[in-house]
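Worksheet: one structure, shown below.
The values are calculated or read from the model by the stated rules, or taken from the named source; none is laboratory data. This one's a predicted model, so the numbers in the text were calculated from it and none came from an experiment. Virtual Cβ from ideal backbone geometry, glycine too; neighbours counted across all protein chains shown. These area figures cover heavy atoms from the full protein model, side chains too; ligands, DNA and RNA do not enter into them. Shrake-Rupley method; radii C 1.70, N 1.55, O 1.52, S 1.80 Å.
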Amino acid sequence: MDDREQGRDARWAPAAPLFDDQLGKLTSLGSQYPAAAGQVLFAAGDAAYDFFVVLEGSADIVDRFGEEDEQLVASYGPAEFLGEIGMLTGERARFTGVMKVPGRVLRVPVGRIQRLVAQDAGLSDHILRTFLERRANLLRRGAGLILIGSRYDERCRALLQSFSHSRTAVHWMDLEEHPQAEALLQGLQVPVADLPIVLVPGRPLLRNPQPADLAAEFGEPPTAPPVGDDVSDLLVVGGGPGGLAAAVYGASEGLRTDLIDAAAFGGQAGTSSRIENYLGFPAGLSGAELAARGTIQAAKFGVRLHRNARAASFASRGGIHSVTCDDGRTFHARDVIIATGAVYRRLDVAGVEAWEGNGVHYAATVVEAGHSRGQPVAVIGGANSAGQAAVFLARTSDPVHLLVRGEDVDHSMSRYLIDAIAANPKVRVRVRTEAVAITADSSVTGLEVVDRATGRRSALPVSAVFVFIGATPCTDWLDNQLATDSKGFLLTGRDLDTSAPGRRAPYPFETSTHGVFCVGDVRSGSVKRVATAVGEGSAAVRLVFERRRADEADVL
């Protein structure tokens, strides 16, 4: 029995066999051929890979294929298909698919699968949900990339947060905790000055990677063209629900549309474990599913997608607006919709920087939750994001302390979340409570909290802290070129000063610069809900057309 066979019982990914009618649809799109034992169907590091269905025999998905420490990820038999969500969103293959038992396979080009998923509701649900569940399982296991670095290194913590936001599966080998990490570094001949490093299956080693390095490694989605002097009709900055909606509606109305995002599409909503109150999904849906569906829909309509493209500067001249990213890419467009959202404020206690990404988190996904499995944790915040995090974390941690500064959560949290928290014995709500200090040795061990009513301090043993307090708008890259309110959120429409003679009044969602619109959480006065952002994104596209007609009429 080989090493892969020994790991066969530890299945990490669901099989989800296809029904006969589903298999029939796929058969008409691809080709069948015999496959010998040991034949590689796709390899880790491939820029793209096709959709394979095992018809006869069996196939394995293997991590670090051909190496001494190779590990079985999953094994599939007849009527079962290979792959995970990265196939549809244009990511490189992270694992190798290899035939274990000789047989026959069906191969469908990935482009045809992307079109099929966008058009066939039944197959779309089956394939997407399976792919997303596989990605979630990989995130829990930390399979795929390997990050080696110290918990005390700010660059390492920044990479951990980046991988979390982009929902990238990564196994972190902390130099302070994994003795084998040092031996691995010696074998790779990597000096301490080059840390942190990222090992990518089938790809060159990344030493202290910068944003541009990650963007180049993870690649552009297949819809992304070269950039430079190309001027699009519409540029959407920010790929959360509002940005995705704007891109989909813009492209579907015939606008040449580019969508850029600093990490992965989906924004903060993409990290939500379950969105229960989104219209049309009575059972709820995960943020990852919403993001995946929106991204595939955008590609269907021809949106040119650019991830790992963090906006760094903005310029507007002669009716053309330009956004330059921190990796040097520049995008030009006749109209811009800003949907960069907001980030949670940092926890304002001494020494918190040393633990951010390593015990103090600003998101609650399977990655962060996995580090505190079976241990007590604290969630700080009183709005929906904090409530969703508390309910999600209670699946794996016990207890979950929800710390709220106010008197209650009745005026800041949706009723369905309040009821879910009240019904969950693992969640303990503490109102009028504020964190004032973190206790730690080699890791976070607790919080010091104060009762805001009595002033009494107490210690709260926890292994991790999840922070969802306030919001800071992502507008630094605009360098004060657009009007904002006192908190930095962008002013739009009637909130702007329109007294200047001869100047057209801005449209709703239009900023102080004509042709630049703003939707979602980054907009002053917006309602912080997914459905609201989607509605604003679609409405802003209609206003783009109205702006063009009005300005063209003024010229005539």
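Listed by first and then second residue, the pairs with beta-carbon distance under 6 Å, at least 6 apart or on different chains, first residue in the stretch 363-375 and under 12 Å from ARG141 (Cα atoms), second charged (D, E, K, R) and assigned to a helix (DSSP H, G or I), are VAL366/ARG140; GLY370/ARG140. From the set of residues in the stretch 150-195 that are in a loop (DSSP other than H, G, I, E, B) and among the small types (Gly, Ala, Ser), which is surrounded by the most Cβ atoms within 10 Å (Cβ to Cβ)? So the residue we want is ALA169. One residue is enough: does the stretch 453-460 have a residue meeting the conditions more than 22 Å from PHE314 (Cα to Cα), open to solvent by less than 50 Å² (accessible area, probe 1.4 Å) and assigned to a strand (DSSP E or B)? Checking the stretch 453-460: at least one residue is more than 22 Å from PHE314 (Cα to Cα), open to solvent by less than 50 Å² (accessible area, probe 1.4 Å) and assigned to a strand (DSSP E or B).
To keep it simple, each residue is scored yes or no on (1) modelled with pLDDT of 90 or more; (2) open to solvent by 10 Å² or more (accessible area, probe 1.4 Å); (3) over 30 Å from SER538 (Cβ atoms); (4) over 23 Å from the mean Cα position of the chain (by Cα).
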{"site": "VAL336", "(1), (2), (3), (4)": "yes, no, no, no"}
{"site": "ALA339", "(1), (2), (3), (4)": "yes, yes, no, no"}
{"site": "ASP348", "(1), (2), (3), (4)": "no, yes, yes, yes"}
{"site": "VAL360", "(1), (2), (3), (4)": "yes, no, yes, no"}
{"site": "ALA363", "(1), (2), (3), (4)": "no, no, no, no"}
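Among the conditions (1) under 27 Å from PRO191 (Cα atoms); (2) part of a helix (DSSP H, G or I); (3) open to solvent by less than 40 Å² (accessible area, probe 1.4 Å), ARG134 misses just one, which is (1). Within the stretch 407-419, the residues that satisfy the criterion of being open to solvent by 40 Å² or more (accessible area, probe 1.4 Å) and either in a loop (DSSP other than H, G, I, E, B) or among the aliphatic types (A, V, I, L, M) (or both) are GLU407, ASP408, ASP410, HIS411, SER412.
Anything in the stretch 279-305 that is part of a loop (DSSP other than H, G, I, E, B), surrounded by fewer than 19 Cβ atoms within 10 Å (Cβ to Cβ) and of a type outside the set (A, V, I, L, M)? List them, or say none. Result: GLY280, PHE281, PRO282, GLY284, PHE301, GLY302. Put simply, of ALA79, ALA74, ALA93 the only residue that is open to solvent by 20 Å² or more (accessible area, probe 1.4 Å) and aliphatic (A, V, I, L, M) is ALA79. Restricting attention to the stretch 215-226, does a residue exist that is buried (at least 18 other Cβ atoms within 10 Å of the Cβ), assigned to a loop (DSSP other than H, G, I, E, B), modelled with pLDDT of 85 or more and touching a strand residue (DSSP E or B) at 6+ places or on another chain (Cβ under 6 Å)? No, there is no match, as no residue in the stretch 215-226 is buried (at least 18 other Cβ atoms within 10 Å of the Cβ), assigned to a loop (DSSP other than H, G, I, E, B), modelled with pLDDT of 85 or more and touching a strand residue (DSSP E or B) at 6+ places or on another chain (Cβ under 6 Å). Looking at the stretch 278-332 only, could you name the residues that are under 21 Å from ASN480 (Cα atoms) and small (Gly, Ala, Ser)? ALA309, ALA311, ALA312, SER313, ALA315, SER316, GLY318, GLY319, SER322, GLY328 - these are the residues of the stretch 278-332 that are under 21 Å from ASN480 (Cα atoms) and small (Gly, Ala, Ser).
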